[in-house]
1. Across the range 81-100, which residue is nearest to the ligand (Cβ to nearest atom) among those that are farther than 12 Å from residue 152 by Cβ, part of a loop (DSSP other than H, G, I, E, B) and in contact with a Leu (Cβ under 8 Å, 6 or more places away or on another chain)?
2. Would you confirm, using the coordinates I've provided, whether residue 73 is within 16 Å of the ligand (Cβ to nearest atom), in contact with a Leu (Cβ under 8 Å, 6 or more places away or on another chain) and either part of a strand (DSSP E or B) or modelled with pLDDT under 95 (or both)?
3. Please enumerate the residues belonging to the range 119-162 that are in contact with a His (Cβ under 8 Å, 6 or more places away or on another chain) and touching a residue at least 60 places away in the same chain (Cβ under 8 Å).
4. Taking interchain pairs and intrachain pairs at least six residues apart, which have beta carbon atoms under 7 angstrom, with the first residue in the range 107-118 and within 12 Å of residue 149 (Cβ to Cβ) and the second charged (D, E, K, R) and more than 9 Å from the ligand (Cβ to nearest atom)?
5. Considering only residues of the range 105-148 that are within 16 Å of the ligand (Cβ to nearest atom) and of a type in the set (Val, Ile, Thr), which is farthest from residue 52 (Cα to Cα)?
6. Only one of 154, 127, 140 is hydrophobic (A, V, I, L, M, F, W, C) and surrounded by fewer than 16 Cβ atoms within 10 Å (Cβ to Cβ); which?
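The values are calculated or read from the model by the stated rules, or taken from the named source; none is laboratory data. Bear in mind the structure is a predicted one, so any value in this text is a computation, not a measurement. Here the Cβ positions follow ideal geometry from the backbone for every residue, glycine too, while neighbour counts run over all protein chains shown.
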Amino acid sequence: MRAPLRSLLLVSLTTLGLAACDKSEGEHGEHGEHGEHGTGDGTGDDSGCAAETRGDEFAIGLSKSGTSIEVSFISSSPAPPIKGDNTWTLELQDLQGQPVVDATIVAIPMMPDHGHGTPVEAEMTALETPGHYEISPVNLFMTGYWEITLEVSLTSGEQDSVMFGFCVE
Ligand SMILES: [Cu+2]
């Protein structure tokens with residue numbers, strides 16, 4: 001009897017946390033979210049990205065390797081990624097440098113400091129160039145540090161994943 005009650009509480013707390021996060025962003029836009037989420041360095045620096053040491057420096061060609069594939073940035077619009085909706089063109093290659101076609105990519109953005117993702121689902125489009133895929137919108141709705149995991153399913157049935165980290169403002 002106790003366990004179900006506890007998990008129910010946990011779920012409602014999580015839901016509340018997410019709602020509060022969305023709400024503060026929606027109502028206040030650029031202002032005020034940092035105080036509420038408590039990055040807690042007390043410097044009053046509104047961006048935080050200048051001091052952010054995690055993640056990746058965006059560049060065309062930035063790449064990450066999984067177990068059997070490599071994912072590289074062909075483009076990002078805008079570049080570097082910003083707070084809001086982003087469109088990414090990515091190239092998938094196998095470890096021999098051959099294009100990986102007919103893959104399925106699911107983008108999962110998370111803010112590790114706040115413990116939330118985004119309700120907006122990105123869609124994937126395979127482009128004409130073999131191995132090129134467009135992912136849009138990569139929705140990074142808050143200022144701060146995001147980790148975007150790309151879960152890749154290959155035609156072989158194999159699963160792979162890579163992660164890019166970007167601080168956006
Ligand atoms: Cu957040």
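1. By that ranking, first place goes to 83.
2. No.
3. Scanning the range 119-162 gives 142, 143, 144.
4. 108/151; 110/147; 112/147
5. 120
6. 127
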